[in-house]
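To keep things clear, I will list the structure first and then write my remarks on it.
Where a number appears in this text, it was derived from the coordinates with a stated rule and is not lab data. Keep in mind it's a predicted model, so treat the numbers as computed, not measured. Ideal geometry is used to build each Cβ from the backbone, glycine not excepted, and the neighbour counts take in all protein chains shown.
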Amino acid sequence: MSQVSLIVKLVAADGKRADLATAFSAAYPHVAKEDGTRYYLLHEDMGDANVLWIYEMYESAEAQAAHGAAEWFKPFQKSLAPFIGGPAEFHGLKPVGGKGL
């Protein structure tokens, strides 16, 4: 199985999580067009009002790299800056089994 996944923790500035989630939604039309992007899901943390989690799954490491190198991606990242309250945490994963694979 060559699929790769990423879980990203985004920390919003105090009281800005909803704004960050709204700004993040600008990515959805772009990732919908990416052939190698299988999942790109945003989640609210149930225990921390300032945290969002992104779950991403790609068909391959190359598809993940193409996502990060896409022309739209850097301007998108910059558009999130006014709502960010701390550094993002990135956790790379390799799926090994389960429903949906």
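Per-residue extension of 0.36 nm, minus the Cα-Cα distance of Lys74 and Phe90, leaves a gain of 4.1 nm for this segment. Inter-part distance, segment 45-92 to segment 5-31, computed on C-alpha centroids, equals 7 Å. The smallest convex shape that holds all Cα atoms of the chain, its convex hull, gives 102 Å³ per residue. For Ala81 and Lys99, the difference between the fully extended length at 0.36 nm per residue and the C-alpha to C-alpha distance is 3.0 nm. With each label modelled as a point 7 angstrom along the Cα→C-beta vector, the Ala18-Glu34 pair spans 2.8 nm. Backbone phi angles across segment 15-29, fed through the Karplus curve with coefficients 6.51, -1.76 and 1.60 (θ = phi - 60°), yield HN-Hα couplings of x, 10, 4, 4, 5, 5, 4, 5, 5, 5, 4, 5, 6, 4, x Hz in residue order; Gly and Pro are listed as x.
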